[in-house]
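Remarks on the structure that follows.
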Amino acid sequence: MTGVFALTVRGLEAVCAGEMARLGLTVGEIGYRRVHAQAKGDLRPLLALSTADDIFLEVSRWSAIGHTKTALDTLRELAGQLDLYSALAVCSQLRPIDRRLLFSVTANFVGKRNYSSDEIKMALAAGIEASTGWTYSPDDSVAVLNVRLFIEHDEALVGVRLGATPLHRRSYKQEQRPGSLKPPVAAALLELLHLDGNAAFLDPCCGAGTILIEAARRGATAQGGDLYLDAVASALANGEHAGVTLAVEQWDARSLPLGNGSVDAIASNLPWDRQVAIDGDEATLYAELCAEMERVLRPAGRIALLTNQPDLVQFERLVCREQIEISLFGQRPTIGVYG
Ligand SMILES: C[S@@+](CC[C@H](N)C(=O)[O-])C[C@H]1O[C@@H](n2cnc3c(N)ncnc32)[C@H](O)[C@@H]1O
């Protein structure tokens, strides 16, 4: 068994734990923005984990990390004792590792300390350089190995990123738009819908197409649209980068050119005025969007919506089955699942 942990958007820990369990992992402790698990056999499927921001091999846990600057000496010493060669061996089974081994360090801590995260990074980098002869790079994008440290109270957790780049950074996302969604959050909406591979899926306000692409990657037939032509172009371009086929058109989602009960599932992050300009007042827009989504959804179909105005989401017959508050863009929007 190999110990791993995933990092998530705050609020999505349980959703990510569900996806990890579905991939055959034995989920253990679930903490703040973190899910720990044990993996058996080939770790490659973990690099396809869609709802995690990133996934790490668990390398070590340290205790008695103090709040004063002397802790930096302790961290340097402990970093020098890490068994990074085993982590490197695991990573090299999953991806090519450049022989000129550049490593980066990411450090976070909770609570007040007399040292900064930059000082933690430098302490770890010095310890690792001295013990391995590898070269520290402050630029994570050129590093082949990322060492990640979290300090909470006086405990520290050390991990090594499994992939070459963070999981949340999808290479398809080349066209950005205001309010465009972080891919793991898009994937979480679909995970909550239990979107199955043959579903006819709709995102009526698709922006740059993140949710549509994540749905198409799960095998769904993904259809969507946006009020603006440049959004449609961005969604189609991103879909092409992702190698998936999307049906996207310019439309007003208050009056969809779709038949009654013609889609199996809907997910969207609805426009809210702090992100994108909206047409008219929010209450009227939401009432019209909800009525139209309910009309095109088949009986027993489900809808997952992300918005910071959950009170404005109201359907005639669908009821809210689940509500999750998350942290995103410095705000606290809510995912609601309706069915
Ligand atoms: C929060 S953004 C969606 C972002 C998208 N999920 C992504 O990842 O890029 C909301 C989108 O709704 C679109 N929109 C606003 N009013 C609309 C309407 N009446 N019909 C269709 N789309 C609309 C906006 O143009 C914007 O692209």
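The values are calculated or read from the model by the stated rules, or taken from the named source; none is laboratory data. Everything quoted here is computed from the prediction, not taken from an experiment. Cβ atoms come from the backbone with ideal geometry, glycine included; neighbour counts cover every protein chain shown. Heavy atoms of the whole protein, side chains included, go into the accessibility calculation; ligands, DNA and RNA do not. Shrake-Rupley method; radii C 1.70, N 1.55, O 1.52, S 1.80 Å.
Mind listing whichever residues of region 260-282 are at pLDDT 95 or above, surrounded by 15 or more Cβ atoms within 10 Å (Cβ to Cβ) and either over 26 Å from the mean Cα position of the chain (by Cα) or not assigned by TED's automatic domain parsing to the domain that holds V248 (or both)? Matches in region 260-282: S262 only. Is there a residue in region 93-105 that is in the same structural domain as R61 (by TED's automatic domain parsing), aliphatic (A, V, I, L, M) and assigned to a helix (DSSP H, G or I)? Yes, because at least one residue in region 93-105 is in the same structural domain as R61 (by TED's automatic domain parsing), aliphatic (A, V, I, L, M) and assigned to a helix (DSSP H, G or I). Of the conditions (1) within 22 Å of L12 (Cβ to Cβ); (2) surrounded by fewer than 20 Cβ atoms within 10 Å (Cβ to Cβ), I303 clears all except one; give me its number. For I303, the exception is condition (2).
With a requirement of 2 or more residues that are farther than 19 Å from L258 by Cα, the strands (runs of 3 or more DSSP E) lying completely within region 153-236 that satisfy it span 155-161. More than 12 Å from the ligand (Cβ to nearest atom), open to solvent by 20 Å² or more (accessible area, probe 1.4 Å), more than 23 Å from C320 (Cβ to Cβ) and at pLDDT 95 or above - does that describe any residue in region 246-253? Yes: one or more hits.
Between H168, H153, which is open to solvent by 10 Å² or more (accessible area, probe 1.4 Å) and closer than 27 Å to G66 by Cβ?
So the residue among H168, H153 that is open to solvent by 10 Å² or more (accessible area, probe 1.4 Å) and closer than 27 Å to G66 by Cβ is H153.
Specify the residue that is most open to solvent (accessible area, probe 1.4 Å); the eligible residues are those in region 100-116 that are more than 15 Å from N146 (Cα to Cα) and not aliphatic (A, V, I, L, M). The residue in question is K112.
Criterion first (within 16 Å of the ligand (Cβ to nearest atom) and of a type outside the set (V, I, T)) does L124 satisfy it?
Against the criterion (within 16 Å of the ligand (Cβ to nearest atom) and of a type outside the set (V, I, T)), L124 does not qualify.
Going through (1) open to solvent by less than 10 Å² (accessible area, probe 1.4 Å); (2) among the hydrophobic types (A, V, I, L, M, F, W, C); (3) within 14 Å of the ligand (Cβ to nearest atom) one by one, L285 falls short only on (1). Please verify whether A235 is more than 26 Å from G18 (Cα to Cα) and not β-branched (V, I, T), treating the condition exactly as stated. Considered against the rule, which asks whether it is more than 26 Å from G18 (Cα to Cα) and not β-branched (V, I, T), A235 comes out as yes. Looking across region 171-194 at every residue that is more than 13 Å from the ligand (Cβ to nearest atom) and under 20 Å from D53 (Cβ atoms), the one that is most open to solvent (accessible area, probe 1.4 Å) is identified as S171.
Within the group P178, P257, P204, which residue is over 25 Å from M20 (Cα atoms) and modelled with pLDDT under 95? Sole residue among the options that is over 25 Å from M20 (Cα atoms) and modelled with pLDDT under 95: P178.
Residues that are within 12 Å of the ligand (Cβ to nearest atom), surrounded by 24 or more Cβ atoms within 10 Å (Cβ to Cβ) and touching a residue at least 60 places away in the same chain (Cβ under 8 Å) do not occur anywhere in region 217-232. State which residue is farthest from W62 (Cα to Cα) when the search covers only region 117-142 and only residues that are exposed (fewer than 12 other Cβ atoms within 10 Å of the Cβ) and of a type outside the set (S, T, N, Q). Per the criteria, the residue is V142.
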